[in-house]
Structure formats: C-alpha cells, structure tokens
1. Out of (1) surrounded by fewer than 15 Cβ atoms within 10 Å (Cβ to Cβ); (2) touching a residue at least 12 places away in the same chain (Cβ under 8 Å), the odd one out for residue 105 is which?
2. Output the residues belonging to segment 10-49 that are in contact with a strand residue (DSSP E or B) (Cβ under 7 Å, 6 or more places away or on another chain) and farther than 25 Å from residue 259 by Cα.
3. If residue 173 passes every condition in (1) within 12 Å of the ligand (Cβ to nearest atom); (2) touching an Asp or Glu at 6+ places or on another chain (Cβ under 7 Å); (3) under 22 Å from residue 82 (Cα atoms) but one, which one does it miss?
4. Test residue 22 against the stated conditions and say whether it is surrounded by fewer than 16 Cβ atoms within 10 Å (Cβ to Cβ), assigned to a loop (DSSP other than H, G, I, E, B) and aliphatic (A, V, I, L, M).
5. Give the residues of segment 259-288 that are closer than 20 Å to residue 11 by Cβ, in contact (Cβ under 8 Å) with a residue 60 or more places away in the chain and more than 15 Å from the ligand (Cβ to nearest atom), sorted by residue number.
6. Sort out which residues of segment 302-323 are in a helix (DSSP H, G or I) and either within 15 Å of the ligand (Cβ to nearest atom) or touching a residue at least 40 places away in the same chain (Cβ under 8 Å) (or both), and write them in order of number.
7. All but one of (1) of a type in the set (S, T, N, Q); (2) assigned to a loop (DSSP other than H, G, I, E, B); (3) within 20 Å of residue 275 (Cα to Cα) hold for residue 54; which doesn't?
Amino acid sequence: PTDAFFRTETFRDDYSFANSEAAIRRFPFPFDRDAYMYAVNIEQHMPGPAKSATEFPIDIDEHYVAEMIDREKVLAEDPLRCQSLPHMITAEWDLLELLMTAMARDYPAWFSLTCDGDRWHWINRPLGLDQRFTFGDTATLPFGPMEYITRQCQGDFCLLDQRQDNLWMDAGLVTTQADWSLDFDLGMNFIEWHGPVPLAHEMGVFERALKFLLNLQLGRPIRRLNWTMTVNPRLDTSPENYHRWGIDRTTVTPENVGDKVHLRVELQALWRLPRSNAIVFSIRCYLIKMREVVSVPKWARRLHRVLRDLPEELADYKGLTNYRATTVDWLSRHDDGAPTSPGF
Ligand code: HEM
C-alpha cells in the first residue's frame, strides 16, 4: 500500500482483517427494527451523511488495497469468476465510465481521470497504475473494460441485460459472494437466479422488485441492504471453494464467537447504463466481528433479537444453523432487554 490509510490485512489463512474504530462507526448496520423478514427494501441511492458508507455512490474504504489483492488471488486461481457474454461489451464500457468517473470525482487524492475525446488517462495511486487508453477500443487495455475497472473497485459487479421484460445475468466479476456462483448463474434471468431463496417468491417480493427494476431510470440509481453471517472474515465464500470454508461453520465455540463470527452486510446498488440500456448491480461486502458489533450497545441488543427470532427457513438458507444458538447465547449477555427505537 502507498497510503497509510489502507490496512495491510488478509481475508484468508491467518485472517488478519479487522476494522478500525472509524470503520466500526461507519458500518452499514442493516436492521431498522428488532426482527427481520424479506421485503422489497429498495430506496434511492442518495448521498448519505459525511463519512458514512453512502456518502458517495461508490464507497472506497480502508480495506481497499487488501480487498483488491484478495480479488487478484481468486481470479488467478479461477478465471471463471469473471465472465461476459459477447453482447455485453457496450455495457462493460458503460460500467468503466461510471466507476472511473465516480472514483476520480469523489476520491481525487487516490484516482484521476482525464478525457480528451476518446483518449482517456486513468491514474490509480493506491494500486500504482497509470493507464492511457482509447475509450471503446478494448485492445488498448490489459483486460476487458469490466475486468479492468472491477479489479480496481471494491464490491462485486453484475451486468444485467434487459429484454423480454426480464433481466439476464450476462456478465459479472464476482469474488466476494455469499455462497452463490456467477459461473452457475450466468445467462439466467432474475426469477431463475433467485430460485434458491426461501419464502420470498411466495410473498411476491421478486415479482415486485423486478417490475421496479425494469423501470429504473438513467441518473436515478437505487440501493438496498442484504445481510448474512460468515465464520472467519473470508471474502471468497463461493460454492467453488466450499470445501475450504464450509467446515468453518462447525468450529464456533462459546469462547471464540466474538472473534470468529462475522455479520456480513451487502450494500447493493443499481444503475441504469446509458449506451447499452443494461443495469449494473454492485454488491459491496462489509464484514464486522461480533466483538466489534457489541461495542455499539444498540446494535448488540438488536442483532441478538433478530438472530434469536429469525425464521428457521432464513437461518437455514443463510447457513447459520450450526452456530446460531452459540452466537445468540453470546449476544444475549449484551442485551439488557431495553426497548430500541425504530430506524437507526
Ligand atoms: C439473493 C442476485 C436484486 C432480493 C440473491 C442471490 C443472487 C442475487 C445471486 C443468491 C441466490 C442463491 O442462493 O443462489 C441479484 C441480482 C440482482 C438482485 C444480480 C440485480 C438485479 C435483488 C433485489 C431484491 C433482491 C432488487 C429485492 C427484494 C434478494 C433476497 C435474497 C437474494 C431477499 C436472499 C438473500 C439472503 O437471505 O441472504 N440475489 N439480486 N435481489 N436476493 Fe437478489
């Protein structure tokens, strides 16, 4: 790392990942009440408070460099984590423009973009990159445009083609996923790739969400939060590597819950893209260990109640069944039973 702001840490092997005090304070805690059920929880992707995870459309934080190194390792082992069908090339350029423009505008100390017609000059200081290229000419970049820029941006990215009143997962770079596979989902539509999710189909959640997304407007991005839990701060919890991390779910004990069990929150944002009419779906993953969660008393109370009362189907789907009881017991010591306020 070229800047002391960025942590040197790992998301595998010795798992040295941790959050600074500032990162804990800005963690996007996902619960607005003491219980959780699926809903169409979509809102406009408007700028949030200064220093919050939603201050800017693309959030770059202290984990940036370490996450990009982890992504490079995943891709070196498994190139199928990045795939794009041939008709998505225009959407790829749209995505490169969206990310470079936002990163250079909101983090000018780290990124810069100069455009002279089609001749673009991109500088990424934290990663030590300086690239001149011709917008629209793939031969002038070391990777395809989607891969080039998403190797330099926190969060997974899916590009959805819109046709036949549906969205099709026709491109993406996915290395920090909560147990789903781009290789498996590539070419599927919105209803198909959501197939494994329990209860939500019957509740009409996906039908309503899809309707909303088909009408997404240029310049009016939206966002939602999703969450699950992960044992050890591992970003790459993929089905492809299940043999490496699945067993971790059996290793939680009352002594190690605080450090091993992590709340995993995804800040998901969606933008309409200008040239391709495709949609980009970003999935920005935030990890926080239980010991860090309970440093904020209102979060401790709320997470305890949410986990304790989570419907069995959701707990199973999220893979919590092995260690839910141990985690709820540990959290209960941090819940004084006081009432909580809605919102926060
Ligand atoms: C889960 C993709 C938009 C709600 C998932 C999964 C994928 C996915 C791959 C995992 C399914 C599995 O188990 O294999 C996407 C993409 C979207 C999108 C690419 C962009 C178009 C939405 C929207 C909603 C939504 C707008 C709004 C309700 C959910 C829910 C789950 C889920 C509730 C289950 C999550 C959990 O319990 O951890 N999504 N999704 N998704 N998605 Fe989406």
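The values are calculated or read from the model by the stated rules, or taken from the named source; none is laboratory data. All values reported here derive from a predicted model rather than from experimental measurement. Because the Cβ atoms are built from the backbone with ideal geometry, glycine has one as well, and the counts that use them run over all protein chains shown. Just so you know, the surface numbers come from the protein's heavy atoms only, side chains and all, with ligands and any DNA or RNA stripped out. Shrake-Rupley method; radii C 1.70, N 1.55, O 1.52, S 1.80 Å.
1. Status for residue 105: all satisfied but (2).
2. Result: 41, 42, 43, 44, 45.
3. (1)
4. It is false that residue 22 is surrounded by fewer than 16 Cβ atoms within 10 Å (Cβ to Cβ), assigned to a loop (DSSP other than H, G, I, E, B) and aliphatic (A, V, I, L, M).
5. 261, 288
6. Within segment 302-323, the subset in a helix (DSSP H, G or I) is 302-309, 312-317.
Hits for segment 302-323 are 302, 303, 305, 306, 307, 309, 312, 313, 314, 315, 316, 317.
7. (3)
For (1) more than 8 Å from the ligand (Cβ to nearest atom); (2) open to solvent by less than 30 Å² (accessible area, probe 1.4 Å); (3) at pLDDT below 95; (4) in contact with a helix residue (DSSP H, G or I) (Cβ under 9 Å, 6 or more places away or on another chain), each residue gets a yes or a no:
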| site | (1), (2), (3), (4) |
| --- | --- |
| 188 | yes, no, no, no |
| 195 | no, no, no, no |
| 231 | yes, yes, no, yes |
| 250 | yes, no, no, no |
| 257 | yes, yes, no, yes |
